[in-house]
Ligand code: 16G
Ligand code: ZN
């Protein structure tokens, strides 16, 4: 049932030269570059088969003839952990390269599939690179035809040293535990996993979408953010150093967390995401030579941790608006690149039309600038700009962490959160609570703000506010202070005051 027509079509474009015998030697195939077109095509096919055989693990292909003369070239395969191709497959490579006609070639491919019991429906992942030889681009094109004929997912790394290719083939992001809140985010995570698992293995948890009462119950982004602890269902799952994230019930909120060496829980909320993302975008813009060409701004709400606001406003313009995605989104539209996140994990990044056209037309003046620019353009494609999206935000975070080589710990240390507490208070009528200054101060009931100010003043680094909820019949009280007992004490005092 193996579909050979694509393979026949492509193979005919890369006929084997007659009177040549190839051999996969110690360093792969290596000979005059002018003889290698069919070999490269067939190596592409073999790399795809090898990856399928290994359940889609990434195979590396390096196009080089190392120390040999420039007119030579060669190709070798790199196994998933970055080591040399397994011995028995060297023989398969030799057989494949010496099949005289397309018909013979197809027969050898079929034999390999049968003998190796390859499930041809599996995805193949291949990463390729070449050295600076002038024959490189043409040979890589033949290689890519082989990968295309097999429907492999290929990542062309361009010109790289051989050891870097080995490293890239062998490096793997640690698996990411994804708390799906027993909701619809599981479907999205599962679907996305098929594309990203080979580079970012996702391990979905809390996936009981049909269990009554399970949705958001002791799990999910709101649970983690509000209780500031690990969902009980993940206690036996996470090990020290491991990173995880939680979606909410409709997968538009994202909260990260990890356990440190002492198994202590640390939360990375929407504010930490905003800091990571805004920094990275500013860094890319600068690197691309676009410093000063556009304004990168950050939008937060009153709930943003004071440390995050301090940290960000020392670097970028920061605005505080009323709670609710629509308010943040609107304000973010005022910047060339607007980064907005609520502390609860809702958020995204908006690129204005003029920023996008600057990115499209900007002429980088060095290869380094050109890399920064293409990374920034790629980010603008990765981000779901219509609305905050837990899955797109998760990929954004993972891309940045991978790029910077950060673990959760390094990300967390951008700044230290001030201890804080959020409580809800049931009142007779929440409609008498009115606010100003982006919900940071009360104008009604009369006199209450004055009394709150008197309390806040007693606490070191104190900040607090009271606002009526827009979604529940309660009033929310937020308090932060330099020391944990003070933050707790203050919110309790408030709680008593406003009842
Ligand atoms: C809604 C908002 C969210 C806000 C939350 C505040 C959207 C899509 N969602 O979930 O942004 O943080 O309400 O709730 O706008 P609250 O008014 O009850 O505190
Ligand atoms: Zn939601």
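Values quoted throughout were computed directly from the atomic coordinates according to the rules given, and no laboratory measurement underlies them. The shown structure was predicted, so the numbers you read here are calculated from the model rather than taken from an experiment. Cβ sites come from the backbone with ideal geometry, for glycine too, and all protein chains shown count toward neighbours.
So how much slack lies between residue 381 and residue 6, counting 0.36 nm per residue of separation and subtracting their Cα-Cα distance, in nm? Working shown, then result.
Details: separation 375, 0.36 × 375 = 135.00 nm, distance 3.04 nm.
Separation in residues times 0.36 nm, less the Cα-Cα distance, equals 132.0 nm.
Using 0.36 nm per residue of separation minus the Cα-Cα distance, give me the extension gain between residue 423 and residue 333 in nm, one decimal.
Details: separation 90, 0.36 × 90 = 32.40 nm, distance 3.14 nm.
Full-extension gain reported as 29.3 nm.
Using Cβ counts within 10 Å as a stand-in for footprinting exposure, how do 5, 246 rank, fewest first? Spell out each step's value before the answer.
On the way: 5 8, 246 31.
If I rank by nearby Cβ atoms, fewest first, I get 5, 246.
Given contacts defined as C-alpha pairs under 8 Å and at least six residues apart, what's the relative contact order of region 212-279, whole-number percent?
Values: 95 pairs, mean separation 17.7, N = 68.
That works out to 26 percent.
If you rank 224, 318, 184 by fewest surrounding Cβ atoms within 10 Å, what's the result? Walk me through the numbers on the way to the answer.
On the way: 224 28, 318 20, 184 15.
Arranged by neighbour count, lowest to highest, 224, 318, 184 become 184, 318, 224.
Please rank 273, 113, fewest neighbouring Cβ atoms within 10 Å first, as an exposure proxy. The partial results should precede the final answer.
Details: 273 27, 113 16.
Lowest count first: 113, 273.
Just to be sure I understand: of the beta bridges DSSP finds with both ends in the chain, what percent are antiparallel, rounded to 5?
Values: 40 of 65 bridges.
Approximately 60 percent, going by the DSSP bridge assignments.
Where the centroid of each part is defined by its Cα atoms, how far is region 91-156 from region 364-432 in Å?
Cα centroid of region 91-156 versus Cα centroid of region 364-432: 39 Å apart.
So what is the 222 nm mean residue ellipticity for the chain from helices alone, if each DSSP H run of at least 4 adds -39500 (n - 2.57) and you divide by all residues, rounding to the nearest 500 deg cm²/dmol? Please list the in-between numbers first.
Working: 17 runs with 198 residues, N = 499.
When only DSSP H runs of four or more count, the value is -12000 deg cm²/dmol.
Based on the inverse mean of 1/r over its pairs of different Cα atoms, what is the Kirkwood hydrodynamic radius of region 271-412, in Å? Can you show the working numbers first?
Working: mean 1/r = 0.0662 Å⁻¹.
About 15.1 Å for region 271-412.
Could you check the spin-label model distance between residue 360 and residue 404? Points 7 Å from the Cα along Cα→Cβ, value in nm.
Each label point is offset 7 Å from its Cα along the Cβ direction, giving 3.0 nm.
In nm, to one decimal, how far is the residue 416 label point from the residue 441 one, both placed 7 Å along Cα→Cβ?
3.1
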